[in-house]
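Novice: Below is the structure I would like to discuss, written out as C-alpha cells.
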Ligand SMILES: [Zn+2]
C-alpha cells in the first residue's frame with residue numbers, strides 16, 4: 001500500500017515549509033511539530049520520506065556507509081575504495097517511545113564476546129536512520145534514558161555502545177523529527193533545543209478546507225494506490241525541486257548585512273546561546289535555495305526566525321509559544337541594510353505563513369485575576385500566582401522501581417551499578433564479573449580446551465543499577481478563607497507553581513486536590529501535563545470554611561486509585577495548609593485521624609505550612625507529625641533559602 005502523498009495534504013503551509021527546508025538542509029537539525037491529536041501531523045512526516053533523494057550506500061554494509069566517504073570505524077568495515085555500491089531510497093525510521101535501549105542503539109552479544117572473542121553487534125534503530133530521517137511520535141513521552149541517548153547521538157553524529165569493556169561505534173547522522181501533543185506534557189529543554197525548527201499545527205477552522213481533508217482521506221482509504229497515482233506527478237515535481245535546492249544550498253551566500261540582521265533578531269528575542277543564530281542562518285540559506293536564489297534576503301530571515309526562534313525563547317513551560325510579529329518586524333527593520341531586494345519572493349510551494357498561523361491562543365496574564373463575581377459563597381475570589389522560583393528537592397523515602405525520572409532513588413536499567421541481580425533475572429546490562437564467576441566452576445565439566453571461557457546463556461548475570469525515578473507529586477491545597485489575605489494566597493500559589501515547575505523537570509506526574517467551603521475536590525487527576533496543573537492552580541477560587549479532613553481523605557482516595565493504575569510510580573503527598581480545620585464538628589481531630597490513615601499507607605508526605613503572624617498555633621507541625629511527614633515553612637520552599645540557611649549555619 002502506498003503512503004499518503006505529501007502533496008495531497010491540505011493546508012498546514014508552515015509545517016510543509018519547515019519539513020521541506022529541513023530536507024533541503026539536514027544541518028538545520030530537524031523539526032518539532034506541536035499540535036493536538038488528529039491534525040495529520042504524523043501523516044505529513046511519514047509522507048516526507050518519499051520526497052527525499054535516494055542515498056548511495058556500500059553494498060552489504062548494515063550501517064549505510066557512503067561509498068565516497070565510508071566511516072573508518074564502521075563495524076562492517078573497513079571498506080575498500082573501490083567497494084561495490086548501490087542507491088536505495090532515503091529511509092524514515094520510527095522510534096517508538098517505549099523502545100528498549102538495545103533496540104535503539106543496537107545490541108552486543110556478551111555471550112559470544114566472552115566465549116568466542118567475537119564482537120557480535122546487531123545495529124539498532126539509530127544505525128537504520130543514518131543519512132535519513134528519525135521520527136519520534138509523542139516525543140514528549142520518550143523515556144529519559146532514551147532522550148539522553150538521542151541527545152548524545154545527535155550531538156556527536158555517532159552512536160557508541162559500551163558493554164563491560166567491549167566498545168562499538170558507528171556514524172549516525174539523521175534529521176530528527178518529533179511530533180507531540182503539548183496537552184500531554186512538555187519536552188525537556190535540552191531536547192527542545194536539539195530541534196532546529198518548531199511548528200504549531202491546529203485543525204483548520206475553515207469548513208471548505210475541512211471538507212476537502214475528509215474527501216481526500218476517504219478517497220485514499222478506498223483506493224490507496226489509485227489515489228497516490230493521481231499525485232505521482234506532483235510528488236515527482238516537488239522531489240525534483242527539493243533536490244535542486246539541495247544542490248544550490250552550498251553556493252548560497254550570507255552577506256555580513258544578513259548575518260547582522262540575524263544577530264539583531266536573535267538578540268531582540270533574548271534567545272540563549274549561539275545555536276539560535278546558527279539555525280536561523282542555515283534555515284534562511286535553505287529558504288533562499290528553495291526560492292532559487294543564491295543570496296539571503298530579509299524575507300528568508302523573516303521565515304527562518306518564525307520557525308527557529310519560538311521554542312528557544314521560552315523561559316518556562318507555562319509560557320505560550322510563538323513569537324511576536326511586531327517585535328520581529330522591528331528587529332528586522334533595525335538591522336536592515338539600505339538597499340534591499342524585492343521582499344515578496346516566495347518559494348514554489350510556499351503559501352507564506354502569516355502572523356498567527358500557529359493558531360495558538362494569546363498568552364494569558366499570570367497575574368492578578370479580577371474577583372470572580374458569579375455564584376459562589378461570599379468572599380470567594382481568585383488570586384494569581386507570582387513568578388515561580390527554583391524549589392528545593394523533596395524525595396520519596398527508600399528505593400523505588402518506577403519510571404525513569406529525576407526525583408527519588410530507584411532500581412533502573414541505567415545508572416550506577418550497585419550489585420548483581422539474582423540468577424535468572426534478565427534485565428538491563430550484563431555484569432561481567434558475576435557472569436565469569438557463574439561460569440568458572442563449570443569449565444571442566446563443559447570440556448573447556450581453548451583459551452576462551454565456556455559460557456552458557458544461563459551463566460549471564462545482570463547488573464543491578466541504581467538511578468532516579470519520577471514520582472507522582474500529589475498536591476493537597478487548602479483554598480479556604482483561613483488562607484487569609486490575598487498576598488498569602490499569592491505566596492501559596494507561587495510555591496506550588498515552583499514545585500510544579502520542578503516536577504516538570506524531574507519527569508513527575510502531578511495531581512491537585514483542593515479543599516474549601518463544604519468540600520474537597522480533585523481539581524486535576526494525576527497527569528504528566530504540568531501545564532494543565534498550572535492553569536488549574538491559576539484559576540483556583542478561594543474562600544469559605546476549611547474541610548481539612550475531607551481534603552486528606554480525598555487525597556488518600558486519589559492515591560489508592562493511582563496505585564492500582566500505575567503501581568510502580570511512588571507518590572509524594574504535598575499538603576499545603578496552616579493545619580487549621582473549621583468545617584463540621586471535631587474538625588481538627590477528624591483531620592488528624594485522616595492524617596493517621598494516610599500515614600498507615602506508607603506515603604511520604606510533606607506539610608508546607610502557610611501559617612504566618614505573631615500568634616501561631618503550630619497546627620501545621622502537629623498535622624505533619626500525624627502524617628509522619630516533613631514539616632516545612634512555606635517561605636523555605638525556595639532552594640536559595642536552604643542554601644542561605646546552610647551558609648548561615650556554617651558561618
Ligand atoms: Zn560501513
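Novice: Please list, in order, the residues from the stretch 527-542 whose amide nitrogen is less than 15 Å from a point placed 7 Å along the Cα→Cβ vector of residue 519.
Specialist: Under 15 Å, as judged by backbone N against the label point of residue 519, lie 541 of the stretch 527-542.
Novice: Which percent, to the nearest 5, of DSSP beta bridges fully inside the chain are antiparallel?
Specialist: 45 percent
Novice: Something else about it: Packing-wise, with mean Cβ within 10 Å as the measure, how do 595-607, 223-235 rank, highest first?
Specialist: 595-607, 223-235
Novice: For the stretch 513-566, just the Cα atoms, rotate onto the principal axes and tell me the three extents in Å, largest first.
Specialist: So the extents along the principal axes, rounded to whole Å, are 34, 24, 9.
Novice: How long are the three semi-axes of the equivalent ellipsoid for the chain, computed from the Cα gyration tensor as the root of 5 times each eigenvalue, in whole Å, largest first?
Specialist: 47, 38, 22
Novice: Hey, can you rank 552-561, 433-442 by average C-beta count inside 10 Å, highest first?
Specialist: Most protected by this proxy first, the peptides run 552-561, 433-442.
Novice: For the stretch 420-541, just the Cα set please: Rg and Dmax, both in angstrom.
Specialist: Rg and Dmax of the stretch 420-541, Cα atoms, are 26.7, 83 Å.
We did not get these values from a lab; they are worked out from the coordinates using the rules stated. Note that the coordinates shown come from a computational prediction; the quantities given were computed from them, not determined experimentally. Virtual Cβ from ideal backbone geometry, glycine too; neighbours counted across all protein chains shown.
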